[in-house]
Amino acid sequence: MRHPLMIAILGLAGYVQALPLEQLQLPPGYRIEIAAKVPNARQMTLSPEGILYVGTRRDGRVFALEDRDGDQRYETRHTLLSGRRLPNGVVWSEGDLYIAELTQLIRLADIDSRLDNPPTPEVLIGGLPDITHHGWKYLKRGPDGAFYFTLGAPCNVCLETDPRFASIMRFDPAGGEAAPWVRGVRNSVGFAWHPQDASLWFTDNGRDHLGDDQPDDELNRAGQGGLHFGFPFVHGDGLADPSFGAGADVINSEPPVALLGAHVAALGISFYTADQFPDTPQTTLFIAQHGSWNRSSKVGYRVMKVSTEGEKVTRVEPFITGWLQGERAWGRPVDVLVEPDGDLLISDDAADVIYRVWYQPESE
């Protein structure tokens, strides 16, 4: 039997930090505990050996976590890199760890066996824009073997001549160059491929300073490359931009498959690729909402559950809430990752932890 709800971090590399996990609301039968203590925890990736790699944004470090005693908590933490520039994006693939930094994509070869003596990073892509506004990147390897990463707009709203801005980039490691795969994406910090048709689903954060309730953050679907998703011409469900809306008629922009709410800061997403959770087919998405920073009353700060059918979204509902108490938020979810056994990991860069969520019926 799994441990019940944990209220504090105890025995994690000497850390003791009380967090009010009792304030978190989950559906009946679901449990949550703290699986690791990680400063500024952002994107996560897991190797087949069970090593969890974690990128950061403001911290500048990249970590590797191990659960050596099998207690479902990552009590051992290695610092692989430090002093880096926005090493937010991480993905493990074929033995190596790939990291998307501000201006480059790097690789740490044969990383699982070198946690205590990491190799010198190899630069795969250099010369990416040296602009920190929306410069942190989300990174994954696609079913086609190429690497995909985000490159946000260097502004709240603007029209840049560099086509790499406001895009999701694709890099073919077999000698190809990095180039925009889809455009008109203001600031995506999360994407995943649909398990049935391999289409790319991604979040996009809407522009600021159009009021509390517009435009919505978006969930989008790209069944192919070359599509445009509206920025900076239109936002959300077709809201014309006050400065750039006149250009909307020439881009043939794709509408979002779901609207997620204004200023919720929808970030990391994962399809649920396991079978532990009831009523959660593998066409279900989990989305981390980081929460608003410039709204008169705060919104977001939760994990959402999205049901899909084919190319459509059929339901969007809260899965975990409670990090926001009134106008005070004590945690900010960033990324979600499904473990092979079906547990869901959630990173939190405000509480500096990674949570584990699992299902355990009340009778057990």
Problem set entry | Diffusion coefficient, µm² s⁻¹, Stokes-Einstein with Kirkwood Rh over alpha-carbon pairs of the chain at 25 °C and 0.890 mPa s | 119 µm²/s
For this session: In nm, give the distance between the simple-model label positions of D110 and T132, each being 7 Å from the Cα along the Cα-to-Cβ direction.
Result: 3.7 nm
Exercise. What order, most packed first, do the peptides 293-300, 251-258 have when packing is the mean number of other Cβ atoms within 10 Å of each residue?
Worked result: 251-258, 293-300
Seminar exercise, completed: Of F319, F202, F231, the most mobile residue in a GNM of the chain (C-alpha springs, cutoff 10 Å) is F319
Seminar exercise, completed: Those GluC sites (Glu not before Pro) from the stretch 134-231 that are DSSP loop and have at most 14 other Cβ neighbours within 10 Å turn out to be E160, E177
For this session: May I ask you to list the residues of the stretch 298-312 whose amide nitrogen lies under 17 Å from a point 7 Å from Cα along the Cα→beta-carbon direction of W330?
Result: 301-303
Exercise. How large is the convex hull of the Cα atoms of the stretch 24-150 per residue, expressed in Å³ as a whole number?
Worked result: 140 Å³
For this session: Quick one: give the max-minus-min coordinate of the C-alpha atoms of the stretch 251-364 along each principal axis, largest first, in Å.
Result: 43, 40, 21
For this session: Positive end of the charge dipole of the stretch 212-364 (Lys, Arg +1 and Asp, Glu -1 on Cβ, about the Cα centre): tell me which of G342, G225, A265 has its Cα farthest that way.
Result: A265
Seminar exercise, completed: Evaluated at 4 °C and 1.567 mPa s, the Stokes-Einstein D of the stretch 75-151 based on the Kirkwood radius over Cα pairs, in µm²/s, stands at 99 µm²/s
Problem set entry | Full-stretch length increase - A18, R85 - with 0.36 nm per residue and alpha-carbon distance subtracted | 21.1 nm
Problem set entry | Estimated dipole of the chain in Debye, rounded to 20 [Cβ of Lys and Arg +1, of Asp and Glu -1, Cα centre] | 740 debye
For this session: Would you kindly derive the ³J(HN,Hα) couplings of the stretch 350-356 from the backbone phi angles with the Karplus curve 6.51 cos²θ - 1.76 cosθ + 1.60 (θ = phi - 60°), listing them in order in whole Hz, with x for Gly and Pro?
Result: 9, 7, 6, 9, 10, 9, 10
For this session: Evaluate E = 1/(1 + (r/R0)^6) for A179 and R315, where r is the Cβ-Cβ distance and R0 equals 41 Å; express this FRET efficiency to the nearest 0.05.
Result: 0.70
Exercise. Amide H of V353: which non-local residues (sequence gap of 5 or more, or other chain) have their own amide H closer than 5 Å, using H built in the peptide plane?
Worked result: V38, A41, D348
Problem set entry | Interchain or long-range residues, amide H under 5 Å from G50's placed H | none
For this session: Pop out the ³J(HN,Hα) list for the stretch 192-199 in order, Karplus 6.51 cos²θ - 1.76 cosθ + 1.60 with θ = phi - 60°, rounded to Hz; leave Gly and Pro as x.
Result: 7, 9, 5, x, 8, 10, 6, 6
For this session: Quick one: pull the percent of accessible area on the chain belonging to carbon and sulfur, 1.4 Å probe, ligands and nucleic acids left out.
Result: 46 percent
For this session: Choose one answer from T120, T45, T56: the residue with the largest mean-square fluctuation in a GNM of the chain with alpha-carbon springs under 10 Å.
Result: T120
For this session: Quote the charge dipole size of the stretch 230-364 about the Cα centre in Debye, to the nearest 20; the model charges only the Cβ of Lys and Arg (+1) and of Asp and Glu (-1).
Result: 520 debye
Seminar exercise, completed: Diffing the stretch 83-92: the Karplus 3J(HN,Hα) column from phi (6.51, -1.76, 1.60, θ = phi - 60°), in whole Hz with x for Gly and Pro, holds x, 8, 9, 6, x, 6, x, 9, 8, 8
Exercise. How about the stretch 13-110: which trypsin sites (Lys or Arg not before Pro) there lie in a loop by DSSP and see at most 12 other Cβ atoms within 10 Å?
Worked result: R58, R68
For this session: Specify the residue with the greatest mean-square fluctuation among G211, G331, G245, computed from a Gaussian network of the chain linking alpha-carbon atoms under 10 Å apart.
Result: G211
Problem set entry | Selection from I131, T150, F191 lying farthest towards where the dipole of the stretch 125-192 points positive, charges on Cβ | F191
Exercise. Near the amide H of G322, under 5 Å away, which other amide H atoms are found, from residues 5 or more places off or on another chain, if H is placed in the peptide plane?
Worked result: Q25
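The values are calculated or read from the model by the stated rules, or taken from the named source; none is laboratory data. Keep in mind it's a predicted model, so treat the numbers as computed, not measured. Cβ: placed from backbone, ideal geometry, glycine included. Neighbour counts: every protein chain shown. Note: accessible area is taken over every heavy atom of the protein model, side chains too, but ligands, DNA and RNA are not part of it. Shrake-Rupley method; radii C 1.70, N 1.55, O 1.52, S 1.80 Å.
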